[in-house]
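Enquirer: Shown below is the structure under consideration.
Bear in mind that the values in this text are calculations on the coordinates, not laboratory data. Owing to the predicted nature of the structure, the values given are computational and were not obtained by experimental measurement. Don't worry about glycine lacking a Cβ; one is built from the backbone with ideal geometry, like all the others, and counts go over all protein chains shown.
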Amino acid sequence: MDARGWAAAWRDTLAELLRDKGALLLIVLAPVFYGFFYPWPYATEVLQRVPVAIVDLDHSSLSRQIVRYADASPDLRVAMVTGDEETARQAMWRGEIEGYALLTRDLRRNVLRGRPAPVVVSTNGSYALYNKAVMTGFTAVVGTVSAGIEIAQRTAHGQGRNQAMAGRSPVGVSAVALYNPTGGYGSYVVPAVALIIMQQTLLMGVAMLAGTWAEAGRLRAPARVWLGRVLAFSTAGLVAGLVYFGWIFWLQDYPRGGNPLGALVLLLCYAPAISVAGALLGAWLKDREQALQVWLFTSLPIAFLSGFAWPVESLPPVLQAARWIFPSTAGIDASLRLNQMGVPLADVAGSLSWLAAWALAGFAALAWWMRPREPGTLRGDVKSA
C-alpha cells in the first residue's frame, strides 16, 4: 500500500473538513458545545426542595413536629399546610406541588395508645424523579419522628438513651455509592450520553461530507485513499473524545480517570468504527442533506437501546440483538467500566473487540463497494481525493 497515498488523503480530508462549514459544525464544534450545554441542567446533581403539601387533620403537637421536620428536609419544601385534602389534590393537579402527606385525625392519640397510625403519601407519579424525592423525603421524616417516639418510650420504661437507640436500630446500614459518590443524576446520565453525542455528531458529519463527494463524483476511490479519509475522521473523533474524557468530565467533576490508558484504547477503537459507519451511510444515501434527515431521529432510540437508560434484560430479544448494530452500545459499556469503575482492559475486551471488528469489517466493505469501477478512473479519483 502506498503510504504517500493514504497520508495525502488524510491531510486533504482534514483540510476539506475545516473548509466545510456544515461538517466542521457537526464534527468539531457540536461536541464541544454539547459538552457544556448538556450537563448544565444537571448542575445541582441531586433533586432537592421539591414542593409538597401536608394535610393536617390532627392539629396536634405531633403533626406540627412532622411539618417542621418535613420543611427541614433537604428533599422537601412544604409549600402548603391545609386541613382539606381536596385543596391539596387540586394544588397537585395544577402543578403547584408534587405530592402531599395526609396526617389523619387522632394521629397522636393512636401513637400514644400503641395503635397503628399510618401517614398516607400521595404523589404525582408522572415524573419519576419527583415521585422518588417526595416518597424518600416523607419516608425519612416519618421514620425520624417515629424513631424519636420509640426511643422516648423506651427511655420512659427505664432504658438509658444509648441503650434505647441501640435497641431501636440493632443492625445499621451504611450505603456507599462506589462509582457515583454524590448519587447525582448528572453523574449517572452525562458520561453515558457523551458517547452518544460523539457518535451522532461524528457519524452525521462524515455522512454529510461523503454525500458531498458523491454529488461531486468523487466518492469512488482506491482503498488507500479511503484509509486516509477514515483516519482523518477518526482523528477528529479522537480529539472530541479526549476533550470529553480529559477536560469536560474533569470540569463538571464527573466520575473519571479510573483507567486512563484503557479509555484511550477505547477511543482508538470507537472513533474508527463511527467513521466507517458514517462513510457507509453517506455512500448509501449519496446526498448531503439526507444524512441529517435520516439519522437525526435515531438519537433517542439509540439511547434506550444502549442499556444505561433501561435495563437490557427488559428489552425484547430482537432489540437485545439489534442494539449491537450501533457502535455506541459497546462504547458506552466499555466507557462506564473504564472511566468510572476503573476495570482492567481484559474486562472490556468483548466490547473493544466488537468495535475493532466493526471498524475492520466496515472498512473492508466500504473499500470494496467504493472501489473505482474502471481502471482509467483510478488516477483521477486519487488526484481528486
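Enquirer: Specify the inter-centroid distance of segment 198-255 and segment 68-116, based on alpha-carbon positions, in whole Å.
Expert: Value for the Cα centre distance between the two parts: 54 Å.
Enquirer: What is the diffusion coefficient of segment 206-303 in µm²/s, taking the Kirkwood radius over Cα pairs and the Stokes-Einstein relation at 25 °C with a viscosity of 0.890 mPa s? Don't skip to the end; give the middle numbers.
Expert: Values: Rh = 14.9 Å.
D, rounded to a whole number, is 165 µm²/s.
Enquirer: Same structure again: Amide H neighbours of Asp58 under 5 Å, at least 5 residues apart or on other chains, H built in the peptide plane: list them.
Expert: Here the answer is none, since no amide H 5 or more places off falls under 5 Å of that of Asp58.
Enquirer: Let me ask another. Could you tell me which label, among [x] 174; [y] 185; [z] 144, carries the value of volume of the Cα convex hull per residue in Å³ calculated for this structure?
Expert: [x]
Enquirer: Next up: Would you mind getting me the FRET efficiency between Ala216 and Leu57? Use the beta-carbon distance for r and R0 = 56 Å, nearest 0.05.
Expert: Numbers: r = 76 Å, r/R0 = 1.36.
So the FRET efficiency works out to roughly 0.15.
Enquirer: While we're looking at this one, here's another question. Neighbour counts of other C-beta atoms within 10 Å: give me Ile302, Ile274 arranged from fewest to most. Numbers along the way, then the final one.
Expert: Numbers: Ile302 20, Ile274 30.
The fewest-first ordering by Cβ neighbours comes to Ile302, Ile274.
Enquirer: Now a separate question. Would you mind working out the magnitude of the charge dipole of the chain relative to its Cα centre, with +1 at each Lys and Arg C-beta and -1 at each Asp and Glu C-beta, to the nearest 20 Debye?
Expert: Details: 32 positive and 25 negative charges, 79 e Å.
With Lys and Arg at +1 and Asp and Glu at -1, about 380 debye.
Enquirer: Quick one: which of 134-146, 189-201, 312-324, 231-243 comes out on top by average Cβ neighbours within 10 Å, and what's the full order, highest first? Please report the intermediate quantities before stating the final value.
Expert: Details: 134-146: 18.3, 189-201: 23.2, 312-324: 11.7, 231-243: 21.5.
Descending packing order for the listed peptides: 189-201, 231-243, 134-146, 312-324.
Enquirer: Determine the relative contact order of segment 21-82: mean sequence separation of Cα pairs under 8 Å and six or more apart, normalised by residue count, in whole percent.
Expert: About 37 percent, as a whole number.
Enquirer: Whose amide H sits under 5 Å from the amide H of Val50, counting only residues 5 or more places off or on another chain, with H placed in the peptide plane?
Expert: Leu76, Arg77
Enquirer: If you take the beta carbon distance between Asp253 and Phe304 as r and set R0 to 25 Å, what does 1/(1 + (r/R0)^6) give as a FRET efficiency, to the nearest 0.05? Mind showing how you got there, number by number?
Expert: Details: r = 27 Å, r/R0 = 1.08.
With a Förster radius of 25 Å, E is 0.40.
Enquirer: Over the chain, with a Gaussian network built from C-alpha contacts below 10 Å, which listed residue (Ala291, Ala359, Ala101) shows the highest mean-square fluctuation?
Expert: Result for the chain, Cα springs under 10 Å: Ala101 fluctuates most.
Enquirer: May I ask for the angle, rounded to the nearest 10°, between helix 349-369 and the longest principal axis of the chain, with both axes built from Cα atoms and the value confined to 0 to 90°?
Expert: That works out to roughly 30 degrees.
Enquirer: Starting from the Cα-Cα distance between Ala15 and Glu86, subtract it from 0.36 nm times their residue separation and give me the gain in nm to one decimal.
Expert: Here the answer is 18.9 nm.
Enquirer: Here's something else I'd like to know. What percent do you get for the relative contact order of the chain when only Cα pairs under 8 Å and 6+ apart count? The partial results should precede the final answer.
Expert: Values: 522 pairs, mean separation 80.7, N = 385.
Across the chain, relative contact order equals 21 percent.
Enquirer: How large is ³J(HN,Hα), in whole Hz, for each residue of segment 277-291 in order, when computed from phi with the Karplus curve 6.51 cos²θ - 1.76 cosθ + 1.60 and θ = phi - 60°, using x for Gly and Pro?
Expert: Each residue's phi maps through the Karplus curve to give 4, x, 5, 5, 5, x, 5, 6, 7, 6, 8, 5, 6, 5, 4 Hz.
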